[in-house]
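Working notes for the structure below.
The values are calculated or read from the model by the stated rules, or taken from the named source; none is laboratory data. The structure presented is a predicted model; accordingly, all values stated were derived computationally and were not measured. Note that each Cβ is placed from the backbone with ideal geometry, even for glycine, and that neighbours are counted across all protein chains shown. Ligands, DNA and RNA are stripped out before the accessible areas are found, and what is left, the full protein with its side chains, is counted by its heavy atoms. Shrake-Rupley method; radii C 1.70, N 1.55, O 1.52, S 1.80 Å.
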Amino acid sequence: MRRMLMVWLCLLAAGTTGLKSQITREDYQRAFQWSRLCEGKVLNARLTPHWFAGGERFWYRKELAGGAREFVVVDAVRGERRPAFDHARLAEALSRALKKEVPSHRLPMDALEWDAAGQWVQFRAEGKSWRLALASYALSEVPREAAKTENLAASRNVRPSRRTGEETSIRFINRTGQEVRLFWINPEGRPQAYGTLAAGAERDQHTFAGHVWQVTDGDGNTVAVFEAVEGGGEAVIEKPNRAAPSPAATEPARAARSREGLSPDGQWQAFYRENNVFLRRVSDQQEFALSTDGTAEDRYEGRFYWAPDSRKLVVMRVKQGDTRKVYYVESSPKDQLQPKLHSYDYLKPGDRVPQPMPQLFDVAQRRKIEIVPALFENPWSNQDVRWAADSSQFTFVHNRRGHQILRLIAVNAATGEARALIDERSATFIDYSGKFFLHYLERSGELIWMSERDGWNHLYLYDARTGKVKHQMTRGPWVVRGVERVDEERRQIWFRAGGIHPGQDPYYVHYARVNFDGSQLTLLTEGNGTHTVQFSPDRRFFIDTWSRVDAPPVHELRRAEDGRLVCVLETADASAMSQLGWRLPEPFVAKGRDGQTDIYGVIWRPTRLDPGKKYPVVERIYAGPQGSFTPKNFQPSHQGQAYAELGFIVVQMDGMGTSHRSKAFHDVCWKNLGDAGFPDRILWMKAAAQKYPYMDLSRVGIFGGSAGGQNAARALIAHPDFYKVAVADCGCHDNRMDKIWWNEQWMGWPVGPHYAEQSNVTQAHRLQGKLMLIVGEMDENVDPASTMQVVNALIKADKDFDLLVIPGVGHGAAETPYGNRRRMDFLVRHLHGIEPRNL
């Protein structure tokens, strides 16, 4: 009996093991290379229109399979699209001119330009400019001096290629008198050699718009850096001029300084001396002091704001704040053996901030006009000073420290009397950093203001004289995501909106227009996805590109007047992704903690998913309240898919406390960053696992960086019953240690006990599970000591954890190749129970 029981237990164990996912070295390689594997697999993901003069036609390149392409011309008025020319006849003409075969589906052309009558097209090919007569297909070379070629701006800033636009070319021209080397800087910031260019030589280099090219001398010193643009251009390489600037070169700077502080009528020049403000009469250079009470700790400084009639002047008197330095040691500098000590200015929550207070002076009477500061005391900022056209008053925006009062203050220029034209208040916070908009309508005496006062982010039209609301311009259970354009002539405002289409994901961005009085709300986009638009030069038409994580981009031509569809231009083709076994990510919706609010997220699955097995779940988290972060547009090479290749179900969602929903949804973060939406996230994953039983919620991991690093560590501190493994990169683990503006915006001021209560440092003793902390020693975004203080607290609490400090790296250390590999290894090791090095 005992023997039978042992056999049964062994069989049960073997069966259970078989149900779990297993990963291989091949899976690892696919995860590391996912971005590269996706290159070229999606056709027509982008569409760039090139408009003809007159704004009624444009052309674009269409990508075809196998690297082929064709050129398309669109008549926007008629809604007709057709080949730009006979590709085969042009290929024949080019083959004869270039004395080599040119395939019709690979025409080496860029910088196309049509004449107004449509009789010829001019373009660049093989480093030369050509003109094609469309009636006869006769091809002639355009002399170089007659061709339009853009000179690319040279810089010394070596940077990664962050954008891959349309195919184009750069004509490198070496005028340095010596041989130079050419390098393409790839998206990881690493140079890839493209040979040398002899002194006096020229070369046409195929590339893509947005790609960055570095030119070095024989010793590896940077000579110039160029960025490729659509239509091609010339990169003239000249020997760097390290000599001192000539007097002529510095003259514009001197002229700019001489104009600073000059009154509109040219009679007075304001300047600062010994912490006070002075005036100099331009005619005879006579000087006198406007103020005498400035001190080093409370001094007059900053811009000069002259009234249009030159009779009054406003300047800021600034009570100085704290000076806090953050220090770190660069352990392994490239230019010396010994370490370097660095420092930078970095105020933290609770520190004294500079307090600028506007001061009004009467120039003719040489006296200060006192302004009672009751409406704008204790400022986080007093800024955006603006004079009325008739010099009768000036306005400025007051943001009270704590971010619960935001006012537009008007000051009478004759009496100094201050009044609040707009008095915005909140019991929690005003999202001044993400939802502020103020636009003056000078001719009509009005202004436009953005507010969440009715529970949703909307636009309001004010009478600028009385401060009364004339109209709520937008309203409803949706939000304005940003203003695109204010058309004062037609009294219309164009804006981006979220949640404006009922039934669609409320995070999808749509475009709309409304009259100043709130009438005739016109939705310009409609496809069930998130949208971007490109307007024609005269704004009569626009290209609407929309997509979802599970739907490739669609490019539509629409009329700006009413948003009506003119024609579909292209639909991106992602069919080649099937070669990778790729599965579309799935948008998934579940109820949040209140049982009513929808929480929106995405699920990524391994390309080799076996629904009969169990897979660990990994959450990619960033719960910063300044935005929302779950991808909404089509991205086959997303990091979530790369990690899914390691045998994980990867998820990402936006819980309560993040932005772009209602004010109530956002307010959950108020003095409560430790919440991070976890009650919503956990319910969301439980709902997903109920639908997909292969999601193993007994093995849940989480990773994130910066605020996401704070969140990831918090998961094991506050919710260890659900989360088992976490990787926290460069986390702002204690909100008293991080930058002042971000943390006081959400955690409030003054600093109270809630800061300590929600600190990962003070709560470190509660840690359960497997934690890896990653930090770059040179992080100037989040003080690296924030991570080290968690380390200290964990050691004191006798907790096990892993720590990776990466020398010479700043913020986002886990996104370096080594940091990313170590993060992957940690998740695999503790969620799969596999030692990666043994694969």
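Using the 1.4 Å probe convention, the accessible area of the chain works out to 45 Å² per residue with neighbouring protein chains retained.
Name all residues of the range 430-456 having a backbone nitrogen under 14 Å from the label point set 7 Å from the Cα of Arg386 along its Cα→Cβ direction, giving them as ranges. What the label zone holds, given the 14 Å backbone N cut-off, is 436-450. Inter-part distance, the range 100-165 to the range 794-839, computed on C-alpha centroids, equals 49 Å. Exceeding 31 Å between C-alpha atoms, which entries from my cross-link table qualify? They are Lys724/Lys796; Lys334/Lys796; Lys348/Lys470; Lys128/Lys632; Lys368/Lys470. Listed pairs above 31 Å: Lys334/Lys796; Lys348/Lys470; Lys128/Lys632; Lys368/Lys470.
Under 1.5 on a/c is rounded, so check that first for the range 481-617, then, if it is not, pick prolate when a/b is larger than b/c and oblate when it is not; a ≥ b ≥ c are the square roots of the alpha carbon gyration tensor eigenvalues. The shape class here is oblate. In this simple spin-label model, placing a label point 7 Å from the Cα along the Cα-to-Cβ direction at both Gln119 and Lys20 gives a separation of 7.8 nm. In this Cβ point-charge picture (+1 for Lys and Arg, -1 for Asp and Glu), the chain has a dipole of about 1380 debye about its Cα centre.
Cross-link partners of Lys62 among lysines, defined as those whose alpha carbon lies under 19 angstrom from its own and excluding same-chain residues fewer than eight positions apart: Lys41.
Counting only whole DSSP H helices of the chain, the ones at least 15 Å long by C-alpha along their axis and with mean Kyte-Doolittle hydropathy no lower than 0.0 are 2-19, 87-98, 707-718, 785-796. Rolling a 1.4 angstrom probe over the range 740-818 with all protein chains present gives an accessible area of which 56% lies on carbon and sulfur atoms. Once both labels are positioned 7 Å from their Cα atoms along Cα-to-Cβ, the gap between Ala199 and Val469 label points is 7.3 nm. Given the whole protein assembly as supplied and a 1.4 Å probe, what does the accessible area of Arg280 come to in Å², nearest 10? Surface accessible to solvent at Arg280 totals approximately 50 Å². Taken about its Cα centre, the range 64-116 carries a charge dipole of roughly 220 debye when the Cβ of each Lys and Arg holds +1 and the Cβ of each Asp and Glu holds -1. Counting protein heavy atoms only, the range 575-714 has 50 percent of its accessible area on carbon and sulfur, 1.4 angstrom probe. Considering helices alone, the calculated mean residue ellipticity of the chain at 222 nm is -4500 deg cm²/dmol, with DSSP H runs of length four and up weighted by -39500 (n - 2.57) and normalised per residue.
Values (1) 52, 31, 29; (2) 61, 35, 24; (3) 46, 42, 31 are given for comparison; semi-axes √(5λ) of the Cα gyration tensor in Å, derived from the coordinates here, is the one labelled (3). Dipole orientation for the range 682-839: of the candidates Pro807, Asn743, His765, His765 has the Cα lying most toward the positive pole (charges on Cβ; Lys, Arg +1; Asp, Glu -1). Placing +1 on each Lys and Arg Cβ and -1 on each Asp and Glu Cβ, with no other charges, gives the range 520-654 a dipole about its Cα centre of roughly 320 debye. Spatially, the range 607-630 and the range 289-315 are offset by 55 Å when compared through their Cα centroids. Between Tyr440 and Glu417, the FRET efficiency from the beta-carbon distance, with R0 = 22 Å, is close to 0.60. FRET efficiency for the Glu39 to Asp293 pair, using the beta carbon distance and R₀ = 45 Å, is estimated at 0.10.
Loop-located GluC sites (Glu not before Pro) in the range 32-105 (DSSP state not H, G, I, E or B) with no more than 15 neighbouring Cβ atoms inside 10 Å: Glu39, Glu101.
Computed from the C-beta positions of Asp351 and Asp562 and an R0 of 45 Å, the FRET efficiency is 0.30 to the nearest 0.05.
Annotation: lysines with alpha-carbon distance below 17 angstrom to Lys340 (same-chain offsets under eight excluded): Lys325.
Between the residues Leu447, Tyr723, Ser263, the greatest Cα displacement towards the positive end of the dipole of the chain, with unit charges on the Cβ of Lys, Arg, Asp and Glu, is found for Tyr723. Heavy-atom surface analysis with a 1.4 Å probe gives the range 44-107 a carbon and sulfur content of 46 percent of its accessible area. Between Gln338 and Ile795, the simple spin-label model (points 7 angstrom out along Cα→Cβ) gives 2.6 nm.
For the range 751-756, the Karplus equation 6.51 cos²θ - 1.76 cosθ + 1.60, evaluated at θ = phi - 60°, returns couplings of 5, x, x, 5, 4, 5 Hz by residue, with Gly and Pro reported as x. Here's the list of aspartates and glutamates a cross-link from Lys591 could span, going by alpha-carbon distance under 16 Å and ignoring same-chain residues fewer than 8 apart: Asp505, Asp654, Asp680.
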